[in-house]
Amino acid sequence: MAHRWKNDLTPNEVTPKGLWLNRRAMMAGLGAAAVTGAMPASRASAQALEPNTLEEISSYNNFYEFGWNKTDPADHAHAMVTSPWSISIDGMVDRPGTYTLEQLLEGLDIEERIYRFRCVEAWSMVVPWNGVELADVLAKAGVQSSARFVAFETTVQPDVMPGVRGRIIPFPYVEGLRLDEAQHPLTMLATGIYGDPMPKQNGAPIRLVVPWKYGFKSIKSIVRITLTDEQPPTTWNRLNAREYGFYSNVNPTVDHPRWSQASERKIGGGLFARRQDTLMFNGYEDQVASLYAGMDLREDY
Amino acid sequence: MPVSQQSLSRSINATLRRVPAWPIYIIGAAWAGWLFYLGLTGGLGPEPINALERRYGEVALQLLVAGLFVTPLRTWTGVNLVKFRRALGLTAFFYVLAHFLVWAVLDLRSLARIGEEIVKRPYITIGFAAFLLLIPLALTSNNISIKRLGAATWRKLHRLTYPAVLLGAIHYIWLVKGYPIEPFIYAAVIVGLLLVRLRWTRLRSATA
């Protein structure tokens, strides 16, 4: 495993749980700086991250297969079948095929990553994910040099998915990344939160996490990954291209056509919590800005 | 209207005459307070500001729709709820105000930001316009104002309800992400209730 984003200590190995809840906030800042090696931590990445509670993370979700409301996923997702699970990897790879979850994770260490999570609706959370780097999983299938994009697809289980039965948007939900985004060390496939298996409403058993992009890019409950040389269609872009671009990088200077993206409300602050300023690339500017060098981010929103 | 229905509506009206309108204010205020309490104590989920904003806005629309039902109900069934209409309207305004205050005071917290949002975001512009339209109506929802303005002028002024409700319906559709069904149901009901009035006006002018 690459371990490009390395913590010296896993907090829960050495510290009792009550204490590591505080320690992990510190580690998050340190870890973000570790991505770029010796580069000093920027103001943003040095900022302490206070993870949301599991209750908050698993009770306020967008998972449209289960309905429009934030509480629909927690209400309905328990019926989703997540075991056994496999992902078919196809397209421009050397070893296409159906990989079981165990095969995908075999030989890879599950790391903990505490990331900011910013929804396009201008709310945010901090989530302690467990998972592996997407790059390492893609390497198992052998990415061919002609591949330029990665497409993802969510499971469709009409029997247990009211939103799918109601056809509220076209399913399966699909998302995509440019290959360099997909292979970036921050991009992960997450299988758990807080050391527990991924709650179903959060995209069990395995989901994408791209912390510098709006949340809808981080597709849940993945059953298919396709390597391709063309930019793949993505669900929200198809629904409303003017409002949801292919890139959808978190960017406080480019507003959503209907609302401001300059600030956000962190979930869990209660009735009297202040908005906080949204950070460029959600606070991961040092790590990812180079991916977009020379691009007009107003044009490629 | 068939005789049986007429006698039924008459007896309903006789009962309604004994029901006071003031409990609407009490229940309205208590419900708003209860929602606020839920927001404080986690009962509205982990994002209570947004939840409270939505809940107040929805109740406001519901009460405005209820107010729009009063006249057609009397025309179609003879049941007369006119004595409750002022309470419905004023309570609706109270919820619009609460909706606005949650947005302005709890969410944005800055006059500059509030001004900017009203100018820059069309769905907020029209929501705010609806709020402004309702202010003179709330201020004149009392007997003294009716006397001072004269019944005809007062009635004309209170037709501002129609554009205000319509703007409220558009505001709701415009702010949601995707296509959930609720805002479209509100819009359909409101448009329906306004079209009915349009037809009456035509019939009236045709027979005049």
**Fill in**
Residues of the range B:193-208 being within 25 Å of B:L132 (Cβ to Cβ) and open to solvent by less than 40 Å² (accessible area, probe 1.4 Å), in sequence order, are B:L193, B:L194, B:R197
**Request:** Quick one: which helices (runs of 4 or more DSSP H) lie wholly within the range B:92-208 and hold at least 1 residues that are of a type in the set (K, R)?
**Result:** B:111-120, B:143-149, B:151-157, B:182-207
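Per-residue answers, yes or no, for (1) open to solvent by 40 Å² or more (accessible area, probe 1.4 Å); (2) within 14 Å of chain B (Cβ to nearest Cβ); (3) among the acidic types (D, E):
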residue: A:E65; (1), (2), (3): no, yes, yes
residue: A:T71; (1), (2), (3): yes, yes, no
residue: A:G131; (1), (2), (3): no, no, no
residue: A:F149; (1), (2), (3): no, no, no
residue: A:T154; (1), (2), (3): no, no, no
**Selection from the range B:169-179 of residues that are of a type outside the set (S, T, Y) and surrounded by 15 or more Cβ atoms within 10 Å (Cβ to Cβ)** = B:A169, B:I170, B:H171, B:I173, B:W174, B:L175, B:V176, B:K177
**Item:** Subset tally (residues that are buried (at least 18 other Cβ atoms within 10 Å of the Cβ) and part of a strand (DSSP E or B)) for the range A:184-215
**Value:** 10
**Message:** Among the numbered criteria (1) in a strand (DSSP E or B); (2) surrounded by fewer than 18 Cβ atoms within 10 Å (Cβ to Cβ), which one does A:T226 miss?
**Reply:** (2)
**Asked** Can you find even one residue in the range A:74-81 that is assigned to a loop (DSSP other than H, G, I, E, B) and either within 14 Å of chain B (Cβ to nearest Cβ) or among the polar types (S, T, N, Q) (or both)?
**Response** no
**Message:** Considering only the range B:119-142, I want to know if a residue exists there that is crowded, with 17+ Cβ neighbours inside 10 Å, more than 18 Å from B:G57 (Cβ to Cβ) and out of contact with any Ser or Thr (no Cβ under 7 Å at 6 or more places or on another chain).
**Reply:** yes
**Request:** Would you be able to say whether some residue in the range B:55-71 is over 16 Å from the mean Cα position of the chain (by Cα), part of a helix (DSSP H, G or I), within 20 Å of B:Y95 (Cα to Cα) and away from chain A (no Cβ under 14 Å)?
**Result:** no
**Prompt:** Residue check, A:E181 against (1) in contact (Cβ under 8 Å) with a residue 60 or more places away in the chain; (2) closer than 15 Å to A:D300 by Cα; (3) part of a strand (DSSP E or B), all met but one. Which one?
**Reply:** (3)
**Prompt:** Exactly one of (1) modelled with pLDDT under 95; (2) exposed (fewer than 14 other Cβ atoms within 10 Å of the Cβ); (3) out of contact with any helix residue (DSSP H, G or I) (no Cβ under 7 Å at 6 or more places or on another chain) is unmet by A:A28. Its number?
**Reply:** (2)
**Prompt:** Pairs, please: C-beta under 8 Å, at least 6 apart or cross-chain, first residue among the small types (G, A, S) and in the range A:93-116, second open to solvent by 70 Å² or more (accessible area, probe 1.4 Å)?
**Reply:** A:G107/A:M1
**Message:** So if I check each of B:L16, B:L44, which one is open to solvent by less than 40 Å² (accessible area, probe 1.4 Å), within 14 Å of chain A (Cβ to nearest Cβ) and within 24 Å of the chain's Cα centre (by Cα)?
**Reply:** B:L44
**Message:** I'm trying to understand the selection: among the residues of the range A:34-59, which are surrounded by 17 or more Cβ atoms within 10 Å (Cβ to Cβ), modelled with pLDDT of 95 or more and either in contact with a strand residue (DSSP E or B) (Cβ under 8 Å, 6 or more places away or on another chain) or more than 9 Å from every other protein chain (Cβ to nearest Cβ) (or both)?
**Reply:** A:P51, A:N52, A:E56, A:I57, A:S58
**Request:** Go through the range B:169-187 and count every residue that is of a type in the set (S, T, Y) and either touching a Cys at 6+ places or on another chain (Cβ under 8 Å) or within 14 Å of another protein chain (Cβ to nearest Cβ) (or both).
**Result:** 2
**Message:** Yes or no: the range B:149-168 includes at least one residue that is surrounded by 19 or more Cβ atoms within 10 Å (Cβ to Cβ) and within 14 Å of another protein chain (Cβ to nearest Cβ).
**Reply:** no
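Listed here are the residues, each with its yes/no results for (1) part of a loop (DSSP other than H, G, I, E, B); (2) within 14 Å of chain B (Cβ to nearest Cβ); (3) of a type outside the set (D, E); (4) open to solvent by less than 20 Å² (accessible area, probe 1.4 Å).
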{"position": "A:I219", "(1), (2), (3), (4)": "yes, no, yes, yes"}
{"position": "A:N237", "(1), (2), (3), (4)": "no, yes, yes, no"}
{"position": "A:G268", "(1), (2), (3), (4)": "yes, yes, yes, no"}
{"position": "A:Q287", "(1), (2), (3), (4)": "no, no, yes, yes"}
**Asked** Going through the range B:143-179 one residue at a time, which ones are among the β-branched types (V, I, T) and over 17 Å from B:T71 (Cα atoms)?
**Response** B:I144, B:I146, B:T153, B:I170, B:I173, B:V176
**Message:** Just to verify a result, which residue in the range A:77-113, among those that are farther than 20 Å from A:E153 by Cα and in contact with an Asp or Glu (Cβ under 9 Å, 6 or more places away or on another chain), is surrounded by the most Cβ atoms within 10 Å (Cβ to Cβ)?
**Reply:** A:E111
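Mind listing just one residue for me: the one in the range B:25-41 that is farther than 20 Å from A:Y60 by Cα and surrounded by 18 or more Cβ atoms within 10 Å (Cβ to Cβ) and, of those, nearest to the other protein chains (Cβ to nearest Cβ)?
We begin by selecting, within the range B:25-41, every residue farther than 20 Å from A:Y60 by Cα; these are B:25-34.
Now narrow it down to the ones that are surrounded by 18 or more Cβ atoms within 10 Å (Cβ to Cβ): B:28, B:32.
Working: B:G28: 20, B:A32: 14 Å.
That would be B:A32.
The values are calculated or read from the model by the stated rules, or taken from the named source; none is laboratory data. The structure displayed is predicted, hence computed values, not measured ones. As a convention, Cβ positions derive from the backbone with ideal geometry for all residues, glycine included, and neighbour counts pool all protein chains shown. Surface accessibility is based on the protein's heavy atoms, side chains included, excluding ligands, DNA and RNA. Shrake-Rupley method; radii C 1.70, N 1.55, O 1.52, S 1.80 Å.
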